[in-house]
1. So which residues in the range 1-60 are assigned to a strand (DSSP E or B), among the small types (Gly, Ala, Ser) and in contact with a strand residue (DSSP E or B) (Cβ under 7 Å, 6 or more places away or on another chain), if there are any at all?
2. Among the numbered criteria (1) free of Cβ contacts under 8 Å to residues at least 60 places away in the same chain; (2) of a type outside the set (Val, Ile, Thr); (3) touching a helix residue (DSSP H, G or I) at 6+ places or on another chain (Cβ under 9 Å), which single criterion is violated by ASP34?
3. If LEU50 passes every condition in (1) under 19 Å from ALA100 (Cβ atoms); (2) touching a helix residue (DSSP H, G or I) at 6+ places or on another chain (Cβ under 9 Å); (3) not charged (D, E, K, R) but one, which one does it miss?
4. Under the condition of being surrounded by 20 or more Cβ atoms within 10 Å (Cβ to Cβ) and among the aliphatic types (A, V, I, L, M), which residue from the range 1-42 is farthest from ILE65 (Cα to Cα)?
5. Please find, within the range 61-80, the residue that is surrounded by the most Cβ atoms within 10 Å (Cβ to Cβ) out of those that are part of a helix (DSSP H, G or I) and touching a helix residue (DSSP H, G or I) at 6+ places or on another chain (Cβ under 8 Å).
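A short reminder: the numbers here are calculations on the coordinates, not readings from a lab. Remember, predicted model here, so these are calculated numbers, not experimental data. Using ideal geometry, Cβ is built from the backbone for each residue, glycine included, and neighbour counts are taken over all protein chains shown.
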Amino acid sequence: MIKRIEAGRRMSQASIHNGIVYLAGQVAEDANADIEGQTRQVLTAIDALLAQAGSDKTRILRAQIYLADIGDFSGMNRAWDAWVVPGNAPSRATVEAKLAKSEWKVEIVVTATV
């Protein structure tokens, strides 16, 4: 059985199957923020979706981070490092990619256990 969270016509914000929650890519609500601000917003959204799924950031298996400008790597990492629980850092990949809206600086996708 698949459970969907915040299911819409085009996509769901999360899907749960066999004890694994797969989040859609999360982006900042306030695209005017700098990279640290946008990253903090994204991480807050991830926390909220994981909570809805019955999980939390200590159960993240993998994170995929997309930066519109790889030059923002250090700023994104400052927000990430303040958020991640020591000893519970997930596997992670960070790449530069053109995002769907030019004002977005970061998009993060995570997979976690429930």
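1. Correct list: SER12, ALA14, SER15.
2. Condition not satisfied by ASP34: (1).
3. (1)
4. For the range 1-42, the residue satisfying everything is ILE16.
5. The extreme case among them is MET76.
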